[in-house]
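Chemist: Here it is: the structure, laid out below.
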Amino acid sequence: MPLLVRVILALLSLAVGAGMAAVALFLGLYLYYAPGLPAVDSLREVRLQTPMQVYTADGRLLGEFAEQRREPVPVSEMPERLLQAFIAAEDERFYQHRGVDPLGLLRAGIHVFSTGERTQGGSTITMQLARNFFLTRDRTYERKIREIFLALQIERELTKDQILELYLNKIFLGQRAYGVSAAARVYFDRNLEELELDQIAILAALPKAPSTTNPVTSPERAQNRRNYVLRRMLELGLITPEEHADAVARPILSQRHAATTEVDAHWVAETARQVAVNLWGEDAYVRGLRIYTTIDSGAQEAANAALRDGLIEYDQRHGYRGPELRLEEPVVGDADARRQILVGIGASGRLLFPAVVLEADQDSLLVDAGRVGEHRLSSEALAWARPAQTPVSGWLRRGDVVRIQPTAQGDWRLSQTPEVTGAVVAQAPEDGAILALSGGFDFFQNRFNRVLQAERQPGSAFKPLIYALALQDGMTPASTVMDAPLVFSDPALGAEWRPENYSRSFRGATTMREALANSRNLASIRLLNTVGVNQTHDELARFGLSLARHPRNLSMALGTGTITPVEMNNAYIPFANGGLLTTPWLIARIEEVDGTLLYQAPTPRACPDPCESPAGQQLELFAAHGPLQFADPVPTLEPGVAWQMSQMLGGVIRSGTGRRALDLGRQDLGGKTGTTNSYRDAWFVGFNAELAATAWIGFDDNRELGSRETGARAALPIWMGFMQRALAGRPEAPIERPDDLVEVALLPETGERTTDDDPRGRREWLLPEQIPERSARIPSGTEETGTREETGRRIDSQPEFIF
């Protein structure tokens, strides 16, 4: 046999032997590792971690919560260019191999042999998918072997498109973004279909080193990797030379974009988050919950604007406190440095922007406000803060950091972040649904939710509850009470107490209607004494209140207990809906990302069509752990009494302490001011048949608001600002009068019934049991303190003592 033939046969024998040895080795490795490999068929049922999202009732995003930012997208909805870019960068033979690319592994092996470094892994997209789902990222030979076997199994179980879809939705691309859709939003604030070629190439360049080559942290490295991807796409004929040249020439323009909310309601979103975590623990962040609230986006935006405007107005009424800080000249002179500091400070309340003073002269300021540019503030823009007869350069100077805010006219004015805070809450009277909730000036400065958590004294805003219970007890709006000096002598109080009216004047005998409209303290105390302290205190439960937080004594008439704004607002709702007590509720529906219903409030607001049955026992689970949940309204006041209260509270606006609200130009509103001792709290609570809202203003540390900062001055403008926006374009919604009320004529001085043709008579709508036979009920003390006095005159009688 010729030598050449023997050599060829020997080589063939060697090759066959080596092949058989390789097959034996492969089978041996498979038999060794196969029992410990995970079941790849689980990928068919994989549920990618998706964030919890909170929405308004009309489907606008309020907030998003997640450990990882991810937005899964079907591969059929991904742009073809995007798929081509990732395949060109990561696995050009993706559609030819069966999960493992021998050429890629050979290339990686040669690199290891020649350099001793394991920097090239030869991993296909399928192998990367196996690693991302089942393995660690440790660079070991054992992990690579497991990765190969898993990739082969995956290719047997899934189609190429399924593999690509899982990969592009799972892969980490830096800045907490997982998957291409989330990365497109994080880096460019765009949907996938809106991406340009150069932006697609940037994303496709990220899998190799997402933390160190992303365009936010490393623009130069990102540019190099992007150009590599574009070159590979050109070499594979996926883009033209012109497209390549245009994309390579583009600069790297990227910054980290947070999840964009459509409505500013962070206190609402945080409340919904707490509900979900109470129900499902940490799993709530990854199972793709969609929480739909009762919030009306228009009402919420109205509440935000009204509260911020009102707090700024109050704050500026009390003077300028000076710049927030002062920058040194080297920083002021460096535009990039000072703007970086401004970015770190950030806007306050979304409308007060930090700015550095660049120039201060006699009458104006030149400031740099970073991303909103440089602006010159005129003398008018500084007038509220400027000390009299003082040049601007005398109280502000170069380097001072101040706040500026846009005006309705399109220019800017000096401002400052308010120290005072407040709350606005609005509900639907028909079922108690919370339509708007703003818990302060800026959620990111202080997350304390004052609507739900701030227990404050309500002051005179509490009086309508006392008056309603008096009507329920048989009195009428025309019943007379004595507004005259009064002294408490009660050992439990430790000293005598001499309450006064705000005006420090007395009116003598006055009707309940007039006493409430003008917020007469002494008449209200006598009214409570007539009805009975214990009875009234026990019946506060009619309004859903905690009895333990309200004193069982006559000071209760002046609102000396504590109450949250949402409790105060809900207590007024029976006056707007015919006497029904509602429960404030916020969560309308909770779904999983695939639409599986987990919870739905059993009310037409949450499900206009017949309500579906939630999956499992989530109704019971929510009942056990979910606050602010829907409950059926229950009768709590006689409908006639509720209507009478609505009319009496309408009188507060028509002729009483709330008459400033007449500027709204509506006749369907009722409400009540509230001011506490030393002006620590200011309230206004009001409603019509379709909307009940409360505005509160005060300091978190309970310091005084300042002299004459009453409910009418400090809180009512906030309430008006909200109602003006929320009711814009809506017809009037007066409270309907119940059919069982009877119109009778009463003498206004005494409350006695008279004939219908008596010219002295005043028409009143009363329940049959309220109609007096001869005279109205007169509280004790009337006879002792004399006759009715003229408005504003003091009564020269001795004060009445109550023991």
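The values are calculated or read from the model by the stated rules, or taken from the named source; none is laboratory data. Quick caveat: nothing in here was measured; it's all calculated off a predicted structure. Positions of Cβ are backbone-derived with ideal geometry, glycine not excepted, and every protein chain shown enters the neighbour counts. For the accessible areas, the whole protein counts, side chains as well, though only heavy atoms, and no ligand, DNA or RNA atoms are used. Shrake-Rupley method; radii C 1.70, N 1.55, O 1.52, S 1.80 Å.
Chemist: When you check residue 573 against the structure, is it among the aliphatic types (A, V, I, L, M), touching a Phe, Trp or Tyr at 6+ places or on another chain (Cβ under 9 Å), modelled with pLDDT of 90 or more and crowded, with 17+ Cβ neighbours inside 10 Å, yes or no? Break it down stepwise before answering.
Modeler: Details: among the aliphatic types (A, V, I, L, M): yes; touching a Phe, Trp or Tyr at 6+ places or on another chain (Cβ under 9 Å): yes; modelled with pLDDT of 90 or more: yes; crowded, with 17+ Cβ neighbours inside 10 Å: yes.
Yes; evaluated as a whole, the condition is true for this residue.
Chemist: Can you find, within segment 50-78, the residue that is least open to solvent (accessible area, probe 1.4 Å) among those that are of a type in the set (Gly, Ala, Ser) and over 25 Å from residue 163 (Cα atoms)? Let's see the steps before the verdict.
Modeler: Filtering segment 50-78 down to residues of a type in the set (Gly, Ala, Ser) leaves 57, 59, 63, 66, 76.
Filter again for over 25 Å from residue 163 (Cα atoms), leaving 57, 59, 63.
Details: 57: 67, 59: 37, 63: 6 Å².
Applying the filter and picking the extreme gives 63.
Chemist: Has segment 272-284 got any residue that is part of a helix (DSSP H, G or I), of a type in the set (D, E, K, R) and in contact with a strand residue (DSSP E or B) (Cβ under 7 Å, 6 or more places away or on another chain)?
Modeler: Going through segment 272-284, the residues part of a helix (DSSP H, G or I) turn out to be 272-284.
Now restrict to residues that are of a type in the set (D, E, K, R): 273, 282-283.
Within this subset, residues satisfying the condition of being in contact with a strand residue (DSSP E or B) (Cβ under 7 Å, 6 or more places away or on another chain) are 273.
Yes: segment 272-284 contains one or more residues that are part of a helix (DSSP H, G or I), of a type in the set (D, E, K, R) and in contact with a strand residue (DSSP E or B) (Cβ under 7 Å, 6 or more places away or on another chain).
Chemist: Does any residue of segment 711-727 turn out to be farther than 27 Å from residue 582 by Cα, touching a Pro at 6+ places or on another chain (Cβ under 9 Å) and surrounded by fewer than 21 Cβ atoms within 10 Å (Cβ to Cβ)?
Modeler: no
Chemist: Okay, moving on. In the set 698, 671, 706, which member is in contact with a Lys or Arg (Cβ under 9 Å, 6 or more places away or on another chain) and open to solvent by less than 10 Å² (accessible area, probe 1.4 Å)?
Modeler: Details: 671 fails: in contact with a Lys or Arg (Cβ under 9 Å, 6 or more places away or on another chain); 706 fails: open to solvent by less than 10 Å² (accessible area, probe 1.4 Å).
The unique qualifying residue is 698.
Chemist: Moving on. If you scan segment 59-75, which residues turn out to be more than 16 Å from residue 269 (Cβ to Cβ) and part of a loop (DSSP other than H, G, I, E, B)?
Modeler: 67, 68, 71, 72, 73, 74
Chemist: Which ones in segment 442-476 are out of contact with any strand residue (DSSP E or B) (no Cβ under 6 Å at 6 or more places or on another chain) and not in a helix (DSSP H, G or I)?
Modeler: Pass one, segment 442-476, residues out of contact with any strand residue (DSSP E or B) (no Cβ under 6 Å at 6 or more places or on another chain): 443-449, 452-455, 462-463, 465-475.
Across segment 442-476, the qualifying residues are 443, 444, 445, 446, 447, 448, 449, 454, 455, 473, 474, 475.
Chemist: Among the residues of segment 203-216, is there at least one that is outside any loop (DSSP other than H, G, I, E, B) and at pLDDT 90 or above?
Modeler: Our first condition is that a residue be outside any loop (DSSP other than H, G, I, E, B); within segment 203-216, this holds for 203-204.
Adding the requirement that they be at pLDDT 90 or above leaves 203-204.
Scanning segment 203-216 turns up at least one residue that is outside any loop (DSSP other than H, G, I, E, B) and at pLDDT 90 or above.
Chemist: Is it the case that some residue within segment 767-778 is modelled with pLDDT of 85 or more, within 30 Å of residue 661 (Cβ to Cβ) and open to solvent by 100 Å² or more (accessible area, probe 1.4 Å)?
Modeler: So in segment 767-778, the residues modelled with pLDDT of 85 or more come out as 767-772.
Then drop every residue that is not within 30 Å of residue 661 (Cβ to Cβ), which leaves 767, 770.
Checking which are open to solvent by 100 Å² or more (accessible area, probe 1.4 Å) leaves us with none.
No, the conditions are met nowhere in segment 767-778.
Chemist: Same structure, new question: Residue 156: outside any helix (DSSP H, G or I) and either more than 30 Å from the chain's Cα centre (by Cα) or surrounded by fewer than 18 Cβ atoms within 10 Å (Cβ to Cβ) (or both), yes or no? Reasoning before the result, please.
Modeler: Numbers: outside any helix (DSSP H, G or I): no; either more than 30 Å from the chain's Cα centre (by Cα) or surrounded by fewer than 18 Cβ atoms within 10 Å (Cβ to Cβ) (or both): yes.
No: the conditions fail for residue 156.
Chemist: Tell me, please, whether a residue that is free of Cβ contacts under 8 Å to residues at least 24 places away in the same chain, open to solvent by less than 10 Å² (accessible area, probe 1.4 Å) and over 22 Å from residue 549 (Cα atoms) can be found in segment 499-508.
Modeler: Of segment 499-508, the ones free of Cβ contacts under 8 Å to residues at least 24 places away in the same chain are 500-501, 504.
Within this subset, residues satisfying the condition of being open to solvent by less than 10 Å² (accessible area, probe 1.4 Å) are 501.
Narrowing further to those that are over 22 Å from residue 549 (Cα atoms): 501.
Checking segment 499-508: at least one residue is free of Cβ contacts under 8 Å to residues at least 24 places away in the same chain, open to solvent by less than 10 Å² (accessible area, probe 1.4 Å) and over 22 Å from residue 549 (Cα atoms).
Chemist: Given 654, 666, which one is of a type in the set (D, E, K, R), in a loop (DSSP other than H, G, I, E, B) and at pLDDT 95 or above? Explain how you work it out, then say what you get.
Modeler: Values: 654 fails: in a loop (DSSP other than H, G, I, E, B).
On inspection, the qualifying residue turns out to be 666.
Chemist: I'm trying to understand the selection: among the residues of segment 424-441, which are outside any strand (DSSP E or B), of a type in the set (A, V, I, L, M, F, W, C) and under 24 Å from residue 700 (Cα atoms)?
Modeler: Of all residues in segment 424-441, those outside any strand (DSSP E or B) come to 428-432, 439-441.
With of a type in the set (A, V, I, L, M, F, W, C) added as a condition, the list becomes 428, 441.
Residue satisfying the conditions is 441 alone.
Chemist: So, one more: Answer yes or no: is there a residue in segment 257-280 that is over 20 Å from residue 628 (Cβ atoms) and basic (Lys, Arg).
Modeler: Among the residues of segment 257-280, not one is over 20 Å from residue 628 (Cβ atoms) and basic (Lys, Arg), which makes the answer no.
Chemist: Give the residue, chosen from 642, 624, 661, 682, that is farther than 23 Å from residue 731 by Cβ, part of a helix (DSSP H, G or I) and either open to solvent by 60 Å² or more (accessible area, probe 1.4 Å) or modelled with pLDDT of 95 or more (or both).
Modeler: 624
Chemist: If residue 201 satisfies all but one of (1) loosely packed, with under 14 Cβ neighbours inside 10 Å; (2) under 28 Å from residue 124 (Cβ atoms), what's the number of the condition it fails?
Modeler: (1)
Chemist: Scan (1) of a type outside the set (Phe, Trp, Tyr); (2) open to solvent by 10 Å² or more (accessible area, probe 1.4 Å); (3) out of contact with any Asp or Glu (no Cβ under 6 Å at 6 or more places or on another chain); (4) outside any loop (DSSP other than H, G, I, E, B) for the single condition residue 489 breaks and write down its number.
Modeler: Going through (1) of a type outside the set (Phe, Trp, Tyr); (2) open to solvent by 10 Å² or more (accessible area, probe 1.4 Å); (3) out of contact with any Asp or Glu (no Cβ under 6 Å at 6 or more places or on another chain); (4) outside any loop (DSSP other than H, G, I, E, B) one by one, residue 489 breaks only (3).
Chemist: Regarding residue 258, is this residue under 18 Å from the mean Cα position of the chain (by Cα), of a type in the set (A, V, I, L, M) and at pLDDT below 90?
Modeler: Numbers: under 18 Å from the mean Cα position of the chain (by Cα): yes; of a type in the set (A, V, I, L, M): yes; at pLDDT below 90: yes.
So residue 258 fits the description; yes.
Chemist: Return yes when residue 122 is open to solvent by less than 80 Å² (accessible area, probe 1.4 Å), modelled with pLDDT of 75 or more and either on the phi > 0 side of the Ramachandran plot or assigned to a loop (DSSP other than H, G, I, E, B) (or both) and no when it is not.
Modeler: On the way: open to solvent by less than 80 Å² (accessible area, probe 1.4 Å): yes; modelled with pLDDT of 75 or more: no; either on the phi > 0 side of the Ramachandran plot or assigned to a loop (DSSP other than H, G, I, E, B) (or both): yes.
No, not satisfied.
Chemist: A follow-up question, please. Counting residues that are under 30 Å from residue 428 (Cα atoms) and open to solvent by less than 30 Å² (accessible area, probe 1.4 Å), which strands (runs of 3 or more DSSP E) fully inside segment 287-398 reach at least 2? Before the answer, list the steps.
Modeler: Details: elements: 290-293, 353-360, 365-368, 374-377.
In segment 287-398, the matching strands (runs of 3 or more DSSP E) lie at 290-293.
Chemist: If you don't mind, another one. Search segment 546-555 for residues being at pLDDT 95 or above and touching a Leu at 6+ places or on another chain (Cβ under 8 Å), and hand back the single one that is nearest to residue 488 (Cα to Cα).
Modeler: 550
Chemist: I've got another one for you. Which numbered condition in (1) surrounded by fewer than 24 Cβ atoms within 10 Å (Cβ to Cβ); (2) on the phi < 0 side of the Ramachandran plot is the only one that residue 528 fails?
Modeler: (1)
Chemist: So which of 81, 131, 107, 146 ends up being open to solvent by 20 Å² or more (accessible area, probe 1.4 Å), part of a helix (DSSP H, G or I), closer than 24 Å to residue 234 by Cα and at pLDDT below 90? Steps first, answer last, please.
Modeler: Working: 81 fails: at pLDDT below 90; 131 fails: closer than 24 Å to residue 234 by Cα; 146 fails: closer than 24 Å to residue 234 by Cα.
After ruling out the rest, the residue left standing is 107.
Chemist: Conditions first: (1) at pLDDT below 95; (2) more than 30 Å from residue 103 (Cβ to Cβ). Residue 55 passes all but one, so which condition is the exception?
Modeler: Among (1) at pLDDT below 95; (2) more than 30 Å from residue 103 (Cβ to Cβ), the lone unmet condition for residue 55 is (1).
Chemist: Of all residues in segment 546-570, which are of a type outside the set (Gly, Ala, Ser), open to solvent by 20 Å² or more (accessible area, probe 1.4 Å) and outside any helix (DSSP H, G or I)?
Modeler: Taking segment 546-570 and keeping what is of a type outside the set (Gly, Ala, Ser), we get 547, 549-554, 556, 558, 560, 562-570.
Those left that are additionally open to solvent by 20 Å² or more (accessible area, probe 1.4 Å): 547, 549, 551-553, 558, 560, 562, 567.
Listed by number, the residues that qualify are 551, 552, 553, 560, 562.
Chemist: Continuing with this model, one more query. Output the residue which, of all residues in segment 234-265 that are in a helix (DSSP H, G or I) and closer than 24 Å to residue 175 by Cβ, is least open to solvent (accessible area, probe 1.4 Å).
Modeler: Our first condition is that a residue be in a helix (DSSP H, G or I); within segment 234-265, this holds for 234-235, 241-249.
Okay, now just the ones that are also closer than 24 Å to residue 175 by Cβ, so 247-248.
Values: 247: 2, 248: 47 Å².
Only one residue fits best here, namely 247.
Chemist: Return the pairs, sorted by first residue and then second, in which the second residue is assigned to a helix (DSSP H, G or I) and of a type outside the set (Ser, Thr, Tyr), the first residue lies in segment 163-191 and is on the phi > 0 side of the Ramachandran plot and at pLDDT 90 or above, the beta carbons are less than 6 Å apart, and the residues are 6+ apart or on different chains.
Modeler: 179/169
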